[in-house]
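Student: After the structure tokens below, expect a handful of questions from me.
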């Protein structure tokens, strides 16, 4: 997989998210057996945790709005080396249940094989997320 193709797949994912495409359309960027992880306390913040497969990714995007109200999501840097990609940025969102705000920088690690995301890791301020979710 070329570096350019990896970047293209990641940009397509962000374009689908930012244009409000359906959860199923967003999930088409991922392999059927994608390994997805957003580390954190899933008993406190139910949107974090491990997921496996395209259907689980679609469910994440379908349920996202029941937990969080996005306010800002900024990609500051996007880089790739063959099949590995990284996005760096910042986010701000409100936890709907508590009304508290999450403000965090983030890093997303991607692995792209055959023009599909096969591995996804979203790293953020997990302590800040847990505090806002309680």
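FYI, it's all coordinate maths here, none of it is from the lab. Keep in mind it's a predicted model, so treat the numbers as computed, not measured. Here Cβ is always computed from backbone atoms with ideal geometry, including for glycine, and neighbour counts include all displayed protein chains.
Student: Considering only residues of segment 19-55 that are exposed (fewer than 15 other Cβ atoms within 10 Å of the Cβ) and in contact with a strand residue (DSSP E or B) (Cβ under 8 Å, 6 or more places away or on another chain), which is farthest from residue 112 (Cα to Cα)?
Tutor: Filtering segment 19-55 for residues that are exposed (fewer than 15 other Cβ atoms within 10 Å of the Cβ) and in contact with a strand residue (DSSP E or B) (Cβ under 8 Å, 6 or more places away or on another chain), the one farthest from residue 112 (Cα to Cα) comes out as 42.
Student: Kindly establish whether residue 96 is over 26 Å from residue 9 (Cβ atoms), free of Cβ contacts under 8 Å to residues at least 40 places away in the same chain and in contact with a strand residue (DSSP E or B) (Cβ under 9 Å, 6 or more places away or on another chain). Walk me through it before giving the result.
Tutor: Values: over 26 Å from residue 9 (Cβ atoms): yes; free of Cβ contacts under 8 Å to residues at least 40 places away in the same chain: yes; in contact with a strand residue (DSSP E or B) (Cβ under 9 Å, 6 or more places away or on another chain): yes.
Yes, satisfied.
Student: Collect the residues in segment 1-20 that are outside any helix (DSSP H, G or I) and either in contact with a helix residue (DSSP H, G or I) (Cβ under 7 Å, 6 or more places away or on another chain) or free of Cβ contacts under 8 Å to residues at least 24 places away in the same chain (or both), keeping them in residue-number order.
Tutor: Step one: of segment 1-20, the residues outside any helix (DSSP H, G or I) are 1-2, 19-20.
Those that are outside any helix (DSSP H, G or I) and either in contact with a helix residue (DSSP H, G or I) (Cβ under 7 Å, 6 or more places away or on another chain) or free of Cβ contacts under 8 Å to residues at least 24 places away in the same chain (or both): 19, 20.
Student: Shifting gears a bit: Of the numbered conditions (1) touching a residue at least 40 places away in the same chain (Cβ under 8 Å); (2) under 18 Å from residue 29 (Cβ atoms); (3) surrounded by fewer than 14 Cβ atoms within 10 Å (Cβ to Cβ), residue 83 satisfies every one except a single condition; which is it?
Tutor: Just one mismatch for residue 83, condition (3).
Student: Would you pick out the residues in segment 91-112 that are part of a strand (DSSP E or B) and either over 21 Å from residue 36 (Cβ atoms) or in contact with a helix residue (DSSP H, G or I) (Cβ under 8 Å, 6 or more places away or on another chain) (or both)? Spell out the reasoning first.
Tutor: Looking only at segment 91-112, we keep the residues that are part of a strand (DSSP E or B), and these are 91-95, 101-112.
Once the filter is applied, which keeps residues that are part of a strand (DSSP E or B) and either over 21 Å from residue 36 (Cβ atoms) or in contact with a helix residue (DSSP H, G or I) (Cβ under 8 Å, 6 or more places away or on another chain) (or both), segment 91-112 yields 92, 94, 95, 101, 102, 103, 104, 110, 112.
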